[in-house]
1. Given the Cα-Cα distance of S41 and L128 and 0.36 nm per residue of separation, how much length would full extension add, in nm?
2. Spelling out what I want: for every residue of region 135-145, take phi, set θ = phi - 60°, compute 6.51 cos²θ - 1.76 cosθ + 1.60 (Karplus), and round to whole Hz; glycine and proline get x.
3. Assuming R0 = 25 Å, what is the FRET efficiency of V138 and N75, from their Cβ-Cβ distance, to the nearest 0.05?
4. Given R₀ = 30 Å, what would the calculated FRET efficiency be for Y63 paired with V146, taking r from the Cβ atoms and rounding to 0.05?
5. Within the set of other residues whose C-beta is less than 14 Å from the C-beta of V93, count the net charge using Lys and Arg as +1 and Asp and Glu as -1.
Amino acid sequence: MTSEPSAGRTEQRAGTAHSTWALAGSPPAGAPTGWLAFAGSMLGLLGIFNIITGVTALVRPGYFLVAPTRLLVFNYPVWGWIWVVFGLVQVAVGIGAVYGRGWARFIGIDLAALCAIGHLVFLTAFPLWSVLVIALSVMVIYGLVVRSPAGHL
């Protein structure tokens, strides 16, 4: 063996060429940055909000019924289950983002965008709450999109 870097070194084992660069592990991700930790925790919080919204739609469907023309949802049990499942997925992805998982960043962006779009349904019924959730969703998207220093995720 020579003293060349291991990234390009090839070893012979039992008649087959074996490259050692393919066996090198990735560097540890380290602690997540402030924006990533913020976005992950806010995504988890949005998930909890959506679980509460879903449970409310299941238990008290009249709570969201303000006028027949002011809300776009017509089947509250289905809408409630959608929010419960969606919220659980958001909490799981938020935990993944806090721990610095790359897959959580991409899925979290999509979930935050869908959350903002979903809360447009409640805009005429609960304008302040809807605007708050939409603003939090936009901040989550920003936190997940901004590049971290020093090559973290």
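1. Details: separation 87, 0.36 × 87 = 31.32 nm, distance 2.16 nm.
Full-extension gain reported as 29.2 nm.
2. 5, 4, 5, 5, 5, 5, 4, 4, x, 7, 8
3. Details: r = 28 Å, r/R0 = 1.13.
Approximately 0.35, to the nearest 0.05.
4. Values: r = 37 Å, r/R0 = 1.22.
E between Y63 and V146, to the nearest 0.05, is 0.25.
5. On the way: positive: R101, R105; negative: D110.
Once all neighbours under 14 Å are counted, the net charge is +1.
None of the figures in this text is laboratory data; all of them are computed from the coordinates on show. Since the structure is predicted, the reported quantities are computational estimates derived from the model, not experimental observations. For neighbour counting, all protein chains shown are included, and Cβ atoms are generated from backbone atoms with ideal geometry for every residue, glycine included.
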